[in-house]
Amino acid sequence: DAGVTQSPTHLIKTRGQHVTLRCSPISGHKSVSWYQQVLGQGPQFIFQYYEKEERGRGNFPDRFSARQFPNYSSELNVNALLLGDSALYLCASSLGDRAEKLFFGSGTQLSVL
Amino acid sequence: AQSVTQLGSHVSVSEGALVLLRCNYSSSVPPYLFWYVQYPNQGLQLLLKYTSAATLVKGINGFEAEFKKSETSFHLTKPSAHMSDAAEYFCAVTSSGGYNKLIFGAGTRLAVHP
């Protein structure tokens, strides 16, 4: 079975641009969470979606938004990119809405120049 | 608010030596606790988790961790390090409201030398 898949794996953008990151959860998983991992730090929670509804939002500006589709895949959108948005963006899926057993994808490495 | 502190951003051990990675947490309610490992250019892989059952938790690849409520600690150990254990290790705790997100420590990079 396929694990959590994220695309693209690497992305280079310039300040002020917009970016869309994509995530496909493990088959049967209904929850998708997004985390930002800045170099040298631990991952930070951005969003959780369960059954297509937002269940949690971390301390990120409104430039960050996300959605979950009927097939449970998800997109993370970031507008007006800043240099500080450069990070590894991790997607995690789980069966239920709790974080007891998260399965992480390999991430999308975003570089903002 | 919950937080996780990992003592030592870098730990270096010899192959065959004991591995000890330290994690302390703060939480107002009994948490669920986790250790994840991250290899270069990869996502996070769950090593083990504590969910209020046995305080000594065994995980994959010979790792184990002990939950000590009195010390608010959840240190990760392995009796004998292998070269393949070199990676970044993250301790995490679930959020108290809804248990729907993880709060991670800053990570400890483990180096294993011959």
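Details
- Residue count, the range A:61-93 (criterion: farther than 21 Å from B:Y39 by Cα and either within 14 Å of another protein chain (Cβ to nearest Cβ) or in a strand (DSSP E or B) (or both)): 10
- Considering residues of the range B:13-31 that are buried (at least 17 other Cβ atoms within 10 Å of the Cβ) and either within 15 Å of B:M83 (Cα to Cα) or more than 12 Å from the chain's Cα centre (by Cα) (or both) only, the residue farthest from the other protein chains (Cβ to nearest Cβ): B:V13
- Within the range B:65-95, being charged (D, E, K, R) and surrounded by fewer than 15 Cβ atoms within 10 Å (Cβ to Cβ) holds for B:K68, B:K69, B:E71.
- Pairing each residue of the range B:93-110 that is among the aromatic types (F, W, Y) with any residue that is surrounded by fewer than 22 Cβ atoms within 10 Å (Cβ to Cβ), provided the two are 6+ apart or on different chains, yields C-beta distances under 8 Å for B:Y99/A:R98; B:Y99/A:E100; B:Y99/B:Y32; B:F104/A:Q44.
- Restricting the range B:66-95 to residues that are within 14 Å of another protein chain (Cβ to nearest Cβ) and of a type in the set (S, T, Y), the residue that is nearest to the chain's Cα centre (by Cα): B:Y89
- Screening the range B:96-108 for residues that are buried (at least 16 other Cβ atoms within 10 Å of the Cβ) and farther than 17 Å from B:A53 by Cα and picking the one that is farthest from the other protein chains (Cβ to nearest Cβ) gives B:T108.
Readers should treat all values here as calculations from the given coordinates under stated rules, not as data from a laboratory. What you see is a predicted model, and the numbers here were worked out from it, not measured in a lab. Reconstructed Cβ throughout: ideal geometry from the backbone, glycine too, with neighbour counts over all protein chains shown.
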